[in-house]
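A short worksheet on the structure shown next.
The values are calculated or read from the model by the stated rules, or taken from the named source; none is laboratory data. Source: prediction; values computed, not measured. Note that each Cβ is placed from the backbone with ideal geometry, even for glycine, and that neighbours are counted across all protein chains shown.
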Amino acid sequence: MPPATSPVGTRTLGRDGLTVSAQGLGCMGMSQMYGAADRTESIATVHRALELGVTLLDTSDVYGSGHNEELVGEAIAGRRDGVQLATKFSLSRTPDGGVRIDGRPENVRACAEASLRRLRVEVIDLYYQHRVDPRVPIEDTVGAMAELVAEGKVRHLGLSEASAASIRRAVAVHPIAALQSEWSLWTRDLEVHGAGRDTVLGVAREHGIGIVPFSPLGRGFLTGAIRSPEDFGEDDWRRGHPRFTGEAFTANLRLVDAVRALAQERGVTAGQLALAWVLAQGEDVVPIPGTKRRAYLEENVAAAAVELSAEDLARLDAIAPPGAAAGGRYVDSSYAYGDSPER
Ligand SMILES: NC(=O)c1ccc[n+]([C@@H]2O[C@H](COP(=O)([O-])OP(=O)(O)OC[C@H]3O[C@@H](n4cnc5c(N)ncnc54)[C@H](OP(=O)(O)O)[C@@H]3O)[C@@H](O)[C@H]2O)c1
């Protein structure tokens with residue numbers, strides 16, 4: 001296994017030169033989704049990430065309804081230099097536990113001000129619209145985001161899970177540095193979603209937009225650590241997820257076992273192989289594996305040193321071609337490319 005201290009290096013997102021660590025740290029799980037988190041260990045994980053050169057930190061105002069931004073703000077206090085701070089707006093929790101999307105210009109501004117306060121910083125390096133609001137023209141939303149750039153509150157703009165059509169409309173208003181979408185060995189929709197050559201990935205690349213794959217470890221499944229639905233705690237969101245329940249779970253276990261077998265041959269862990277595959281998709285790709293533990297972080301960082309041959313990549317492609325996973329990405333399918341006319 002490569003040493004845990006291997007340098008991750010840097011990559012550049014977008015045409016305006018946003019240089020970030022080639023692998024980021026997804027902080028969401030420190031506040032929601034994948035079981036209980038220990039605050040001290042979460043903050044220690046952020047500190048260890050910075051020590052190892054993982055300087056792109058990913059959060060959102062919706063993660064723990066502000067809890068995650070506050071935690072990240074606390075963790076980077078006194079360490080702001082050298083951190084690339086990415087956060088998101090447009091989603092919020094409803095009292096019944098659902099999620100509301102709001103891309104109105106007045107909400108863009110209010111959310112940015114609140115994020116800056118919680119993060120305790122003067123400027124956000126990368127500000128994403130978390131989900132495109134189908135009721136608000138994206139030109140209006142991105143126009144309001146562009147005003148934040150003009151005012152020095154935000155450095156670069158991003159979109160998350162936007163369709164090819166929305167990306168085209170957004171870049172006509174302001175350069176977009178990054179597209180954050182789910183991309184991993186078991187979620188390759190980005191490569192195929194869209195009409196003809198207008199895949200989400202193709203359109204993003206046509207405009208020089210960097211790709212930030214979220215859930216690159218398949219929400220933990222591709223590490224091989226999850227063997228049964230019983231492995232999830234009571235409060236783990238994956239308990240009700242279509243890919244982690246019933247027959248889909250069993251089918252997906254076969255996929256991950258094939259990944260594990262290849263990883264074993266290569267002398268790396270399954271999670272490292274999954275991350276190496278994402279990293280090998282191009283110099284414009286910056287995955288943000290999520291963890292709230294230093295030990296997992298160190299294992300994930302070491303994936304930067306895993307070099308895959310053309311044969312390795314072909315074998316992974318055969319194990320996990322687009323569409324290979326059983327079960328949808330979300331319980332509510334409108335959550336994936338929800339603004340897409342071709343959905
Ligand atoms: N834009 C969006 O809509 C969107 C959606 C989802 C996520 N995200 C962002 O993307 C980030 C990453 O995605 P994600 O957290 O959903 O999924 P992920 O990175 O694919 O997987 C995270 C899960 O894998 C586990 N894990 C991490 N490293 C491991 C290792 N080496 N061995 C075993 N298990 C390991 C984590 O465990 P522990 O939790 O126990 O550490 C966690 O349960 C998030 O943190 C968030 O910032 C964005």
Out of 19, 40, 55, which single residue is more than 17 Å from residue 119 (Cα to Cα), within 19 Å of the chain's Cα centre (by Cα) and more than 10 Å from the ligand (Cβ to nearest atom)?
-> 19
Selection within region 66-114 - in contact with a Ser or Thr (Cβ under 6 Å, 6 or more places away or on another chain), within 27 Å of residue 173 (Cα to Cα) and within 14 Å of the ligand (Cβ to nearest atom) = 84, 87, 88, 101
Of the candidates 206, 191, the one satisfying the condition of being acidic (Asp, Glu), under 30 Å from residue 145 (Cβ atoms), surrounded by fewer than 21 Cβ atoms within 10 Å (Cβ to Cβ) and modelled with pLDDT of 95 or more is 206
Residue that is nearest to the ligand (Cβ to nearest atom) [pool: residues in region 22-37 that are within 15 Å of residue 87 (Cα to Cα) and in a strand (DSSP E or B)] | 26
Only listed residue being in contact (Cβ under 8 Å) with a residue 40 or more places away in the chain, within 15 Å of the ligand (Cβ to nearest atom) and assigned to a helix (DSSP H, G or I), chosen from 238, 219, 260 | 238
In region 274-306, which residues are under 15 Å from residue 213 (Cβ atoms), within 11 Å of the ligand (Cβ to nearest atom) and more than 15 Å from the chain's Cα centre (by Cα)?
-> 303
Of the residues that sit in region 145-163 and are under 19 Å from residue 101 (Cβ atoms) and assigned to a helix (DSSP H, G or I), which one is nearest to the ligand (Cβ to nearest atom)?
-> 145
Per the filter on region 267-298, residues under 13 Å from residue 25 (Cβ atoms) and either part of a helix (DSSP H, G or I) or modelled with pLDDT under 95 (or both) are 275, 294, 296, 297, 298
